[in-house]
Amino acid sequence: MFRIEAEVDNERRDHLRSRLRDTNSAASPVLSALRGTPAERNLPLHVWALDESGGLAAGLVGHTWATWLHVTYLWVDAPHRGAGLGSRLLARAERLAREDRGCAAARLETWDFQAPGFYRKQGYEVVGTVPGYPPGVTEYTLTKRLG
């Protein structure tokens, strides 16, 4: 008999993540080869742009794992849009991921009303779409080789 619960439990989440990582590593030669190396670790990667007063003008939040950069958030404050700041942040994150962490590729998700055109201009290619996520919107998954 099992008891099913629906509650936030960070200790269980971490245990589940560890067990899933072990299962995935055992099933994947690539993940097995990365086991114990810096490329296996999920490492945060943040790049910030501050204005003259030290306020946040733009930022990129992501992480690297298994030779991939995953861009989670890229945001530029409205007064600074269109001046190339987003491109500069993305290029810096890609360079750090490639040169310092050995990443070979990058991935990200964006919605149709956000920036798919911007990412295409930066060399990203759409590899997947999810129409209606959320309703009325399409989500795009894009990737780029960092060679």
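The values are calculated or read from the model by the stated rules, or taken from the named source; none is laboratory data. Quantities reported herein were computed from a predicted structural model and do not represent experimental measurements. Backbone-built Cβ (ideal geometry, glycine too); neighbour counts: all protein chains shown.
Here is a yes/no grid of residues against (1) under 18 Å from Tyr119 (Cβ atoms); (2) surrounded by fewer than 16 Cβ atoms within 10 Å (Cβ to Cβ); (3) more than 16 Å from the chain's Cα centre (by Cα); (4) modelled with pLDDT of 95 or more:
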site: Glu52; (1), (2), (3), (4): no, yes, yes, no
site: Leu56; (1), (2), (3), (4): no, yes, yes, yes
site: Gly59; (1), (2), (3), (4): yes, no, no, yes
site: Ala66; (1), (2), (3), (4): no, no, no, no
site: Leu74; (1), (2), (3), (4): yes, no, no, yes
site: Arg88; (1), (2), (3), (4): yes, yes, yes, yes
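Of all residues in region 122-147, those being in contact with a Ser or Thr (Cβ under 8 Å, 6 or more places away or on another chain) and without any contact (Cβ under 8 Å) to a residue 24 or more places away in the chain number 9. Answer yes or no as to whether Glu125 is over 14 Å from the mean Cα position of the chain (by Cα), of a type in the set (Asp, Glu) and modelled with pLDDT of 95 or more. Yes, satisfied. Within region 102-120, residues that are in the same structural domain as Thr141 (by TED's automatic domain parsing) sit with their Cβ atoms under 7 Å from residues that are among the acidic types (Asp, Glu), at 6+ positions apart or across chains, in these pairs: Ala106/Glu94; Glu109/Glu139; Trp111/Glu139.
All conditions but one from (1) of a type in the set (Gly, Ala, Ser); (2) at pLDDT below 90; (3) under 18 Å from the mean Cα position of the chain (by Cα) apply to Ala33; the one that does not is (3).
What about Asn10, is it over 22 Å from Thr141 (Cβ atoms), modelled with pLDDT under 95 and outside the structural domain of Val127 (by TED's automatic domain parsing)? Steps first, please.
Details: over 22 Å from Thr141 (Cβ atoms): yes; modelled with pLDDT under 95: yes; outside the structural domain of Val127 (by TED's automatic domain parsing): yes.
Yes, satisfied.
One residue stands out in region 98-121 among those that are over 25 Å from Gly55 (Cβ atoms) and in a loop (DSSP other than H, G, I, E, B): the one that is modelled with the lowest pLDDT, namely Gly102. I'd like to know if region 89-97 contains one or more residues that are closer than 19 Å to Arg145 by Cβ, touching a residue at least 40 places away in the same chain (Cβ under 8 Å) and not in a helix (DSSP H, G or I). Within region 89-97 (the criterion being closer than 19 Å to Arg145 by Cβ, touching a residue at least 40 places away in the same chain (Cβ under 8 Å) and not in a helix (DSSP H, G or I)), the answer is no, since none of the residues qualifies.
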